[in-house]
Amino acid sequence: MRTGAAGKPIGRRVLLGVLGLGAAGVAFGARIQSGLDGVLAQVSAKDPTGFTGLLPGGGGFRFYSVADSVPHRSAQDYTLTVGGLVERPHTYSLAELQALPQTTLVRDVQCVTGWRVPKTRFSGVLLSELLRRAGVRPEGKALSFTCFDGVYSESLTLDEAMRDDVLVAHRMNDAPVSDAHGGPVRLYVAPMYFYKSAKWLSGITVTDRVIPGYWEHYGYDVEAWVGRSNGRNDAPTS
Ligand SMILES: Nc1nc2c(c(=O)[nH]1)N[C@H]1C(S)=C(S)[C@@H](COP(=O)(O)O)O[C@H]1N2
Ligand SMILES: [Mo]
């Protein structure tokens, strides 16, 4: 179901109007591919979805940020706090995350605006592993994700978070996740549209209910299964 900021359903047409979504924004962005400097130069001209241009390095990735600049956190300064309704809250350094059991997923990335990057490799720690270590309390039913851009947020149900294709990723295509792609650490929710995959991940809070994320306040589906949500019929990623 699609709900707005006040929890009221929003029709798809209204949603598209609000966001100014569609081919125009994507076509506009497609002209901007002169690398990250070009991306940064164009931030003020981004469309309402946060799309500013194609990322360098190929593959067709597009740079999205609802913040006004590319946030940066060094590998040394990075921290990820796991808290909320858990027995053992903990703040992880990047080195700690890298010392945990590692998982690699190779799946398609699918954005809700239509673009897809096939067979993208993400590596990191299963979100379920972090939750197992934290010990989710019985009243914990969902997760809320925060980002060090200070703006973006996302959510998952606990069941979704426990899946074996949901990763707290620090590597992408055999390199550290770049600043532009949300490094040092981003979420990767393989079976869902890419807006669920919060970049610049800084906090995971276990909550007693789903708190809709940034785009979900503008009408995107909270349950963002590829091919089964947002009125789209993309083929599932796996
Ligand atoms: N913090 C943050 N995470 C975010 C976004 C954002 O604007 N801010 N955009 C989302 C959307 S809509 C997409 S399509 C992907 C884009 O990831 P990319 O820039 O690595 O291609 O990030 C998702 N995660
Ligand atoms: Mo997106």
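The values are calculated or read from the model by the stated rules, or taken from the named source; none is laboratory data. Please read all numbers here as calculations on a predicted model, not as lab measurements. Glycine gets a Cβ as well: all are built from the backbone with ideal geometry, and neighbour counts include every protein chain shown.
The table below gives the values:
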{"item": "Test: residue in the stretch 116-137 that is part of a loop (DSSP other than H, G, I, E, B), over 30 Å from ALA235 (Cβ atoms) and either within 14 Å of ligand 1 (Cβ to nearest atom) or touching a Lys or Arg at 6+ places or on another chain (Cβ under 9 Å) (or both)", "result": "yes"}
{"item": "Search result, residues across the stretch 63-103 that are under 15 Å from LEU126 (Cβ atoms) and within 17 Å of the chain's Cα centre (by Cα)", "result": "LEU80, VAL82"}
{"item": "THR81 modelled with pLDDT of 90 or more and of a type in the set (Val, Ile, Thr)", "result": "yes"}
{"item": "Search result, residues across the stretch 198-214 that are in contact (Cβ under 8 Å) with a residue 60 or more places away in the chain and within 14 Å of ligand 1 (Cβ to nearest atom)", "result": "LYS199, TRP200, LEU201, SER202, GLY203, ILE204, GLY213, TYR214"}
{"item": "Lone unmet requirement of (1) over 13 Å from the mean Cα position of the chain (by Cα); (2) of a type outside the set (Phe, Trp, Tyr); (3) modelled with pLDDT under 95 for GLU216", "result": "(1)"}
{"item": "Wholly enclosed strands (runs of 3 or more DSSP E) of the stretch 146-238 bearing at least 1 residues among the charged types (D, E, K, R)", "result": "153-157, 166-172, 186-189"}
{"item": "Residues (surrounded by 13 or more Cβ atoms within 10 Å (Cβ to Cβ) and over 19 Å from ALA198 (Cα atoms)) located in the stretch 62-97", "result": "LEU85, VAL86, PRO89, HIS90, GLU96"}
{"item": "Selection from the stretch 150-176 of residues that are touching a residue at least 40 places away in the same chain (Cβ under 8 Å) and surrounded by 22 or more Cβ atoms within 10 Å (Cβ to Cβ)", "result": "TYR152, GLU154, SER155, LEU156, VAL166, LEU167, VAL168, ALA169, HIS170, MET172"}
{"item": "The listed residue being within 16 Å of ligand 1 (Cβ to nearest atom), within 22 Å of MET192 (Cα to Cα) and assigned by TED's automatic domain parsing to the domain that holds PRO176, out of THR146, THR104", "result": "THR146"}
{"item": "Cβ-Cβ under 7 Å pairs, at least 6 apart or on other chains, the stretch 224-236 side among the basic types (Lys, Arg), far side surrounded by 18 or more Cβ atoms within 10 Å (Cβ to Cβ) and assigned to a loop (DSSP other than H, G, I, E, B)", "result": "ARG232/VAL112"}
{"item": "Residue within the stretch 188-209 that is away from ligand 2 (no atom under 16 Å from the Cβ), closer than 19 Å to VAL125 by Cα, of a type in the set (A, V, I, L, M) and out of contact with any Gly (no Cβ under 8 Å at 6 or more places or on another chain) present", "result": "no"}
{"item": "Set THR79, THR91, THR104: member being of a type in the set (Val, Ile, Thr), closer than 18 Å to TYR188 by Cβ and in contact with a strand residue (DSSP E or B) (Cβ under 9 Å, 6 or more places away or on another chain)", "result": "THR104"}
